[in-house]
């Protein structure tokens with residue numbers, strides 16, 4: 001075998017699919033996709049994806065690492081699970097999408113200022129604080145995630161809905177002073193800390 005052919009074989013063996021299988025949640029399922037497109041047709045945000053799921057999976061298998069990890073596609077997933085329910089091979093597509101997004105973030109190459117990425121980060125920070133989502137502060141942070149001026153405009157436009165929720169008891173002023181917490185907040189914080197340590201150790205082992 002010529003040196004050129006040997007190089008091509010080695011390049012193929014060292015492919016992006018293997019990287020995904022080793023570092024992305026449920027990544028070993030990617031090779032099971034048969035490109036039927038049912039996932040794309042089932043997704044409520046399908047028309048807005050840079051690359052629909054089955055196309056992303058083909059790109060992974062083709063070794064298009066940068067195009068995949070720098071895409072906004074994974075951040076379009078809203079976890080509705082329509083794709084998983086309808087996939088004829090029962091691929092955990094939602095998990096793979098979030099896994100790819102998480103992996104791109106860990107590598108520091110996720111797209112910047114992506115709206116759904118901002119929401120995911122705000123939601124996590126809100127939840128991790130007390131173990132329960134503070135809906136009032138989550139809403140406020142979402143209003144202002146694109147700046148003060150835009151936040152004021154959005155807040156004014158939503159004022160009527162907010163007052164209606166307050167009157168109906170769907171929104172509590174208690175949320176302003178911290179909101180509800182889980183019963184064992186100390187235990188919850190310890191669990192989150194341990195999970196982060198395990199994740200850091202897994203990443204460290206994978207990089208060796």
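Here is a yes/no grid of residues against (1) over 28 Å from residue 184 (Cβ atoms); (2) out of contact with any strand residue (DSSP E or B) (no Cβ under 9 Å at 6 or more places or on another chain); (3) touching a residue at least 12 places away in the same chain (Cβ under 8 Å):
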{"site": "109", "(1), (2), (3)": "yes, yes, yes"}
{"site": "113", "(1), (2), (3)": "yes, yes, no"}
{"site": "119", "(1), (2), (3)": "no, yes, yes"}
{"site": "129", "(1), (2), (3)": "no, yes, no"}
{"site": "137", "(1), (2), (3)": "no, yes, yes"}
{"site": "145", "(1), (2), (3)": "yes, yes, yes"}
{"site": "152", "(1), (2), (3)": "yes, yes, no"}
{"site": "159", "(1), (2), (3)": "yes, yes, no"}
Kindly indicate the residue of region 1-21 that is surrounded by 11 or more Cβ atoms within 10 Å (Cβ to Cβ) and within 13 Å of residue 60 (Cα to Cα) and also modelled with the lowest pLDDT among those meeting that condition. 15
Could you grab me the full set of residues in region 99-122 that are in a helix (DSSP H, G or I) and under 17 Å from residue 16 (Cα atoms)? 99, 100, 101, 102, 103, 104, 105, 106, 107
Looking at 90, 67 in this structure, which one is touching a helix residue (DSSP H, G or I) at 6+ places or on another chain (Cβ under 8 Å), part of a loop (DSSP other than H, G, I, E, B) and free of Cβ contacts under 8 Å to residues at least 24 places away in the same chain? 90
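The values are calculated or read from the model by the stated rules, or taken from the named source; none is laboratory data. This is a predicted model, so every value here is computed, not measured. Note that we place each Cβ from the backbone using ideal geometry, even for glycine, and neighbour counts take in every protein chain shown.
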